[in-house]
Amino acid sequence: MSRIRHYFIAGLLIILPLFVTFYLLFIIFRFIDGLSGGFINSYLQKYLGFSIPGAGFIVGIFFVLLVGFFTTHFLGKRIPSFFERWLLRFPFIRQVYPPAKQIIHFFVSKEKFSFRQVVMIEYPCKGIWSVGFITNEGFKEAEEKTGQELLHVFIATTPGPFSGFLVLVPKKDVKFLDIPVEDGLKLIVSGGIINPGIIDKAPKL
């Protein structure tokens, strides 16, 4: 029985990550395809007598490429900036759009994101250590009133690393961790299950 259990767990460790990955990709595909695929396929079925699975997805990818092309070569940043200012006038969109934009930029942008380094601070009390991310420094008014050099540390909540709270911590009280920001995010998302020290190592059975 122990050998069967060993084989079963080994199989799960291979199959489940693949299943979750492809399932998420399938959901994304269905969502994008559903935005315009129904209209396109109904038109094709009506006038040409056939439909194309994934037509909406293909059109969606082409539309994104087209917008990117015109923005890069013709519009620059003027039209997108004007569009964003107009969009942010609406109450509900004003609360949802900026964080959504930040999250998307984090995953697809090649530029350096706001999370600069992974750190540990004693929070919420002495002897209890929390993992956080340096986001900024040099808040002059706060430093003048405290008489200390402060770092902006974002303490993320599990499992969503983009929700949490900001604390201003004296630099001398911050412990800097020598791990990439991506590994720190994996630690937060997994609730501590993924240890940054063994992320690239195969799990032991």
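Read-outs throughout are calculated quantities, based only on the coordinates presented, and are distinct from any laboratory measurement. Just so it is clear, the model here is predicted, and its values are computed rather than measured. Glycine gets a Cβ as well: all are built from the backbone with ideal geometry, and neighbour counts include every protein chain shown.
Charges were assigned to the Cβ only: +1 to each Lys and Arg, -1 to each Asp and Glu. The resulting dipole of the range 113-187 about its Cα centre is roughly 120 debye. Along its first, second and third principal axes, ordered by size, the range 117-196 spans 40, 24, 21 Å in Cα coordinates. Using the Cβ-Cβ distance between residue 175 and residue 140 with R0 set to 35 Å, the FRET efficiency from 1/(1 + (r/R0)^6) comes to roughly 0.90. Taking amide H positions as modeled 1.01 Å from N, with prolines and chain starts lacking one, the residues under 5 Å from residue 151 and 5 or more places away or on another chain are 169, 171.
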